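The values are calculated or read from the model by the stated rules, or taken from the named source; none is laboratory data. Here the structure is a predicted model, which means the values were calculated and not measured. Backbone-built Cβ (ideal geometry, glycine too); neighbour counts: all protein chains shown. Please note that ligands, DNA and RNA were not included when accessible areas were found on the heavy atoms of the full protein model with its side chains. Shrake-Rupley method; radii C 1.70, N 1.55, O 1.52, S 1.80 Å.
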Amino acid sequence: MLQPSTITPQDLGQELAAVVPGKDPELAVTIKRIPVSQLDLSSRIIPVCEPTLGGKEKEYVLDCLESNWISSAGKYIPAFEEKFAAECHCKYGVACANGTVALHLGLAALGLEPGDEVILPTFTMIATINAVTYTGATPILIDSEPCTWNMDVEQLARKITSKTKAIIPVHTYGHPVDMDPLMEQAEKHGIFVMEDAAEAHGAEYKGRRAGGLGHAAGFSFYANKIITTGEGGMITTNNAKFAALTQNLRDHAFSSERHFWHKYIGFNYRMTNMQAAVGLAQTEQMNDFVESRRRNAALYSHLLKEIPGIVTPPEAAWAKNVFWMYSILVEDDFGMTRDQLRAYLARHGVETRTFFIPMHLQPIYYEAFKGQRYPVAEMLCQRGFYLPSASSLTAQQIEYIAGIVQQAREEAVN
Ligand SMILES: *Cc1c(COP(=O)(O)O)cnc(C)c1O
């Protein structure tokens, strides 16, 4: 049977062991699910994220139940695909079970084989690299750039080989990757670009939306993403053949010639009509959610940017960051470490989350990348965390949270 990796943080060596965050701190107040409008800051934790389901979700889901269309056929699937793709300035959307399989489906459609290489950032969520691993191809890592925290496109040229078949830029925490120079490299070498846009619904690069910046993209609609279907994902693309192929592969690769006749190894990666019903209602509100998150981020940054040792999240001149998570770095002159500040916030009922642990430090990928170092990703892992970021967050809550950070700073230096 499968055995887990036995690598511990100590096995990484003293320096890297210090990069890996500890356990999450205990929250002071137990969760009470009460509406935000009845909010009493002293009796409710502020979760790091939660969905906002204030539109037509209920109406559309009831329609599925009442009409008996609850599985993976039904009108909400194409309606959601069309509307969401249009929001991404894309021609085609292919809905699927989650964000991980959206990436896997896209890579599977390329026909990747062992020996092929796929370049991705080390600073990402595990799903990005696992999607590559599922295909048998070899993941090749790249460090982040300090200014946007995204993959450093300038380092791409050094990583591209004759075996490179795909690049997966990840629009981290809602900030788009610098795509023009990336696409230039990719086109020059005939490499496929599959954006991991799981965190970047509505984000823009030079006025163009994430999801339509590469050859295809994978989105997630997990409960903490900017729009959600509970579980769900979608591929967006402008390539008709790619859309048709991924649509076929998500449904066991049934052939159109005759039933039960299969010419590819397909998958069951389908989304249900009920999930798509929620997704359609969510997409109708997507631009409002994006504006809320941007407004919330502006307020957070306004309140936090003068506090010594707090680095507020980036937004390049060419970028529209959608602040999927409002992310900050804690530097030495704050007077408390990142983990101490998180514990302080937890004692005041504020839930937070540390940044990703880079892929080269993951127990399961440790051997594959042994000895490789990615200093920017390691710094981000050591110093970064995100504050509550739901679209439904109120100005009152943000002021409360920023006040606790300020109070922590004062206690730390006095
Ligand atoms: C959430 C996320 C995924 C995976 O999405 P699931 O729907 O949870 O499978 C992939 N990549 C990134 C960057 C994510 O944040």
Notebook entry, point to check: What are the residues in segment 100-115 that are open to solvent by 10 Å² or more (accessible area, probe 1.4 Å) and either in contact with a Gly (Cβ under 8 Å, 6 or more places away or on another chain) or β-branched (Val, Ile, Thr) (or both), if any?
Noted result: Thr100, Val101, Leu112, Glu113, Pro114
Checklist line | Matching entry among Phe356, Phe385 (being assigned to a loop (DSSP other than H, G, I, E, B), touching a helix residue (DSSP H, G or I) at 6+ places or on another chain (Cβ under 8 Å) and within 26 Å of Cys147 (Cα to Cα)) | finding: Phe356
Next item on the list: Return the pairs, sorted by first residue and then second, in which the second residue is basic (Lys, Arg), the first residue lies in segment 359-381 and is under 13 Å from Val20 (Cα atoms), the beta carbons are less than 9 Å apart, and the residues are 6+ apart or on different chains.
Entry: His360/Lys370; His360/Arg373
Next item on the list: Please work out which residue is farthest from the ligand (Cβ to nearest atom), limiting yourself to segment 86-104 and to residues that are of a type outside the set (A, V, I, L, M) and assigned to a strand (DSSP E or B).
Entry: Tyr92
Notebook entry, point to check: What are the pairs, 6+ residues apart or on separate chains, where a residue within segment 85-105 that is within 19 Å of Ala203 (Cβ to Cβ) has its Cβ under 6 Å from a residue that is among the acidic types (Asp, Glu) and more than 14 Å from the ligand (Cβ to nearest atom)?
Noted result: Gly93/Glu81
Next item on the list: Tell me, yes or no, whether segment 52-70 has at least one residue that is within 16 Å of the ligand (Cβ to nearest atom), modelled with pLDDT of 95 or more and outside the structural domain of Leu345 (by TED's automatic domain parsing).
Entry: no
Next item on the list: Hey, can you tell me all the residues within segment 180-201 that are surrounded by 24 or more Cβ atoms within 10 Å (Cβ to Cβ) and touching a Phe, Trp or Tyr at 6+ places or on another chain (Cβ under 8 Å)?
Entry: Ala197, Ala198, Glu199, Ala200, His201
